[in-house]
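Here's the structure, in structure tokens; my notes come after.
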Amino acid sequence: MPCFQPARKPRTVTATFDANAQAAAKMIATGSDIEEAQGLLFSFPGFKAEVDNTEPPPGRATLRSFRGVVREHTAHCLEAALAAAVILEQHGYPPLVLSFESVDELDHVIFIYRRGGRWGSIARSRDPGLHGRLPLFATPRALALSYYESYIDFTGRIKAYAVVDLRVMGSYD
């Protein structure tokens, strides 16, 4: 009768998981305000105009969890918006995202927040015009319209946008 031994996890996997959990906890603790959270998303190595680590390689669409973003040190716009939501929800901000839908299917997602009665955003993109905005806008609509000019090119235009409160999705861990 063959003897089957349970597979053992190498120590490096556990150590890596612990290191990632610690890095995620540190990022949440560090990102206690809007400017720090935006800075964390731009602190990933290689974030320069000539090096695009904001999008997955062609053919490899990703949807990393917050810990995946921390581990890989890269995020496209949706992953960055969700990471900002995770960080800032722990500091009292509601997890709100604004999603743009464009004619050319180059959609964009940003984290939005309200401070001092004004709306601002945290965003990451390969296009500098689509980054975050200071809280200067009276309504989410005015904030969305501030992206209009940067979003337009010869092939696309915004055809819709929506604000979503991620708490409607239920509890998560």
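If you filter the range 82-125 down to residues that are closer than 18 Å to residue 63 by Cβ and of a type in the set (Ser, Thr, Tyr), you find that the one that is modelled with the highest pLDDT is 99. Keeping to the range 142-168, report how many residues are modelled with pLDDT under 85 and outside any strand (DSSP E or B). Residues that pass the stated criteria total 10. The set of residues from the range 82-114 being touching a residue at least 60 places away in the same chain (Cβ under 8 Å), touching an Asp or Glu at 6+ places or on another chain (Cβ under 9 Å) and not polar (S, T, N, Q) comprises 87, 91, 94, 95, 96, 97, 100, 101. For the range 101-108, the condition of being in contact with a strand residue (DSSP E or B) (Cβ under 6 Å, 6 or more places away or on another chain), surrounded by fewer than 20 Cβ atoms within 10 Å (Cβ to Cβ) and closer than 28 Å to residue 26 by Cβ holds for none of the residues.
Modelled with pLDDT under 85, surrounded by fewer than 22 Cβ atoms within 10 Å (Cβ to Cβ) and under 30 Å from residue 22 (Cβ atoms) - does that describe any residue in the range 126-134? Within the range 126-134, one or more residues are modelled with pLDDT under 85, surrounded by fewer than 22 Cβ atoms within 10 Å (Cβ to Cβ) and under 30 Å from residue 22 (Cβ atoms).
The values are calculated or read from the model by the stated rules, or taken from the named source; none is laboratory data. All figures in this text were calculated on a predicted structure; none of them were measured in a lab. So basically every Cβ, Gly included, is an ideal-geometry build from the backbone, and we count neighbours across all protein chains shown.
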